[in-house]
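*Asks:* Please find one structure pasted underneath; my questions will follow.
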Amino acid sequence: MKKRSILLTAALMAAAALVTGCGEGSGSGGPFEPKDNINWIVTSSPGGGSDIYTRMISDIMTKENLVNGQTIIVTNKTDGSGEIGRNEVANTKGKKADYTLLTFNSGDLMPMVQNTKNRSSNFRILAILAVDKQLIFKGDHTKYADFSQAVEAAKSGTKVVIGGSKGDDIATYDALIAELGISKDVMSYITYDSTGDAITAALGGHIEFVISKPAAATEYVAAGSLIPVLALSTERYTGNLADAPTLSEIGDYENVEVPVWRGVAAPADMSDSAAAFWSEQLKKVSETDAWKTDYLEKNKLIGNYMDMAAATEYVTAYEKEYMESIGVQ
């Protein structure tokens, strides 16, 4: 069967990464340096992958003195599945725009272009820092020994419930269901505000499986509360996730993966000098040992820094391809 993935080709990613320049402008009155608190919006709940990502970057920026001693205030805004928070950032104007950041990844872009008039052009894409993938986990209350048993049960008409977050998790579920050839009525999906909320539901026995990136699930795996049962990737993960087989290992299927790029955006009205500053600071974050070890290595992500120019080109192409794939103009 045809492998399903909405990520652009690796060649396009590599080509985009070669684009340089941070868009410094002449109308900003000189180089930007923060002199006030920074407001960083995350459109998912605390404990999810996006929240962990944001707070790791914020901590590194503070510890490495990359924000001129100013305070970064991280605010979780999940109303309207995150659309209210994203719209707020898109419409932030003036000086405040220079002090506003937004966690922005493929899982944010997907529902945004489906459900709103906002597009990536309504933001300044400051950088991409990493690529993430998912797994399926089961909790203590799940009656199936592994995911292959759940597949067989679903094919026999028994309802199986999977939970997860928005955007890329839904796209991964869609790709999985299509490859398995199972109806969504039988192997159904419940959408939560964040992966953390979905994990809580799995731990409470409200759903049988949860789709999660390693970052959000790692502490529960270490504690034995969540067990990885399927790697949504072309190869197995390592460490305490290594026991999870890929889809091709449990049946006559092609592996399914929907890699997630993780980036940072800002209001479109952010000045050129501020945008150049933030893109450069994010580059410095990506070069720290803390980022490489405590975030990428620990959470099984792929480091992939792109500056503002490269990230903007990449996200624009990604958005165009995704919109064409779902028939959105």
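The values are calculated or read from the model by the stated rules, or taken from the named source; none is laboratory data. From a predicted model like this one, the values you see are computed outputs, not experimental measurements. Backbone-built Cβ (ideal geometry, glycine too); neighbour counts: all protein chains shown. Keep in mind that these areas ignore ligands, DNA and RNA; they rest on the heavy atoms of the full protein, side chains included. Shrake-Rupley method; radii C 1.70, N 1.55, O 1.52, S 1.80 Å.
*Asks:* Quick check: Cα centre of the range 27-58 to Cα centre of the range 251-329, how many Å?
*Replies:* Between the Cα centres of the range 27-58 and the range 251-329 lies a distance of 15 Å.
*Asks:* Output ³J(HN,Hα) for the range 202-215: one whole-Hz value per residue in order, computed from phi by the Karplus curve 6.51 cos²θ - 1.76 cosθ + 1.60 with θ = phi - 60°, and x for Gly and Pro.
*Replies:* 5, 5, x, x, 7, 9, 8, 9, 9, 8, 8, 7, x, 4
*Asks:* Roughly speaking, to the nearest percent, how much of the range 205-292's 1.4 Å accessible area is carbon and sulfur?
*Replies:* Carbon with sulfur: 42 percent of the solvent-accessible area.
*Asks:* Between Arg119 and Thr75, what length in nm is gained on full extension when 0.36 nm per residue of separation is reduced by their alpha carbon distance?
*Replies:* Length gained, Arg119 through Thr75: 13.7 nm.
*Asks:* For Tyr189, list long-range residues whose amide hydrogen, built 1.01 Å from N in the peptide plane, is under 5 Å from its own amide hydrogen.
*Replies:* Residues meeting the amide H criterion: Ile162.
*Asks:* Just for the range 112-211, what percent of DSSP beta bridges are antiparallel, to the closest 5?
*Replies:* 30 percent
*Asks:* Also, I was wondering about something else. Using 30 Å as the Cα-Cα cut-off, could you pick out the over-long pairs in Lys133/Lys155; Lys117/Lys300; Lys96/Lys166; Lys117/Lys155; Lys213/Lys284; Lys63/Lys133?
*Replies:* Checking Cα-Cα distances, Lys117/Lys300; Lys117/Lys155 exceed 30 Å.
*Asks:* Additional query: By how many nm would the segment from Val328 to Glu235 lengthen if fully extended, with 0.36 nm per residue of separation less the alpha-carbon distance?
*Replies:* 30.3 nm
*Asks:* Another question, then. Normalised by the residues of the chain, what does the relative contact order come to in percent, with Cα pairs under 8 Å and at least six apart?
*Replies:* 32 percent
*Asks:* If you don't mind, another one. To the nearest 0.05, what FRET efficiency results for Glu219 and Ser148 with a Förster distance of 35 Å applied to their C-beta separation?
*Replies:* Working from the Cβ atoms, E equals 0.85.
*Asks:* Show that you can apply the helix-only estimate: for the chain, add -39,500 (n - 2.57) for every DSSP H stretch of four or more residues, divide by all residues, and state [θ] at 222 nm to the nearest 500.
*Replies:* Calculated at 222 nm, the ellipticity per residue is -11000 deg cm²/dmol.
*Asks:* Find the centroid of the Cα atoms in the range 114-165 and in the range 179-218, then give the distance between the two in whole Å.
*Replies:* Taking the Cα centre of the range 179-218 as reference, the centre of the range 114-165 is 6 Å away.
*Asks:* How much of the DSSP beta bridge set in the chain is antiparallel, as a percent to the nearest 5?
*Replies:* 60 percent
*Asks:* Another question about this same structure. Residue by residue through the range 302-318, what is 3J(HN,Hα) from phi via Karplus (6.51 cos²θ - 1.76 cosθ + 1.60, θ = phi - 60°)? Round to whole Hz and write x for glycine and proline.
*Replies:* 9, x, 7, 5, 10, 6, 4, 5, 5, 5, 5, 4, 5, 5, 4, 5, 4
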